[in-house]
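A short reminder: the numbers here are calculations on the coordinates, not readings from a lab. Please read these numbers as outputs of a predicted model, since none were measured by experiment. Counting neighbours? That spans all protein chains shown, and the Cβs are built from the backbone with ideal geometry, glycine included.
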Amino acid sequence: MKIKQKHLLKDLSGLSGKSDRGKGIGQGSSNLSEAYKIKNKTFIFLLVLFLVPLKANAFPQYMEIFNKDKFARSEMKNMCSVCHQNPNGGGPLNDFGVDFDASGHKITNNLRQKFPELFNLMQSFAPKIIRIKPASVTLGKEVKIMIVGNNFANDSTIKIDSSSDNIESTFVNPKDIDVTITFSNIGVHTVQVINVTGQASNIFKVKVKPLK
């Protein structure tokens with residue numbers, strides 16, 4: 001009787017061990033399955049991250065340049081399709097985007113005229129000079145002249161005595177353009193601002209005095 005009990009206990013112990021081992025194998029398979037699912041989800045997330053074009057790739061600073069252009073059509077502002085083939089931004093550039101990039105990310109009169117669907121040149125206003133500082137300069141000395149007025153553009157042309165040759169100008173804002181120049185003739189010289197659509201400002205005069 002004692003021998004039979006001993007064998008019975010041994011058999012039960014063996015079954016218990018098998019059961020525990022089976023449980024361990026089941027848990028291991030479950031853990032591997034969970035790890036595989038997590039790995040798959042991570043891979044899919046990274047794949048989507050790299051394949052879907054992000055709006056951030058459209059470089060918002062370039063959009064801001066377009067938005068601030070005085071001739072930009074209001075309905076086109078903040079639109080990624082201004083520069084990109086994808087209306088959501090990112091990816092290949094369209095024709096305007098290519099030309100804008102080639103211009104050093106500056107909007108020029110040529111760009112405005114080439115893409116009238118983006119710019120409304122009919123809404124342009126003629127520039128107006130209110131004053132020039134200083135109004136009197138010395139012959140032969142390089143001087144910076146501040147032209148103060150309204151409706152100036154970043155590619156307005158400055159003409160002195162009807163010529164824009166050898167004139168270094170800096171657009172400060174729509175009310176201020178600075179010009180660096182050296183006058184080689186005494187007398188009164190005319191100053192005029194021409195905007196991108198050919199509209200000319202009123203004429204102001206600068207007096208050049210002889211060097212003492």
A correct fewest-to-most ranking of Ser81, Ser156, Ser164 by other Cβ atoms within 10 Å would be Ser164, Ser81, Ser156
Taking a crude spin-label model, label points 7 Å out from Cα along the C-beta direction, the Ile65 to Glu142 distance in nm is 2.7 nm
For the stretch 168-182, in residue order, the Karplus 3J(HN,Hα) values (coefficients 6.51, -1.76, 1.60; θ = phi - 60°; whole Hz; Gly and Pro = x) are 9, 10, 10, 6, 8, 6, x, 10, 8, 10, 9, 10, 10, 7, 10
A chain fully extended from Asn88 to Ser74 at 0.36 nm per residue, minus the present Cα-Cα distance, gains in nm 3.2 nm
Relative contact order in percent for the stretch 60-212 (Cα pairs under 8 Å, 6+ apart) equals 20 percent
If every Lys and Arg gets +1 and every Asp and Glu gets -1 at its Cβ, then about the Cα centre the stretch 55-122 yields a dipole, in debye to the nearest 20, of 200 debye
In order over the stretch 98-110: 3J(HN,Hα) from phi, Karplus 6.51/-1.76/1.60, θ = phi - 60°, whole Hz, x for each Gly or Pro, gives 5, 5, 5, 5, 5, 7, x, 6, 10, 8, 9, 5, 4
Pseudo-spin-label distance Lys114 to Lys212, built 7 Å along Cα→Cβ, given in nm, is 5.2 nm
Label model pair Val98, Ile186: point-to-point distance (7 angstrom along the Cα→beta-carbon line) in nm is 5.7 nm
Per-residue Cβ contact counts at 10 Å, fewest first, order Ser103, Ser163 as Ser163, Ser103
Note: probe point = Cα of Lys106 + 7 Å toward Cβ; backbone nitrogen < 20 Å; residues of the stretch 153-179 passing the test are 153-160, 163-179
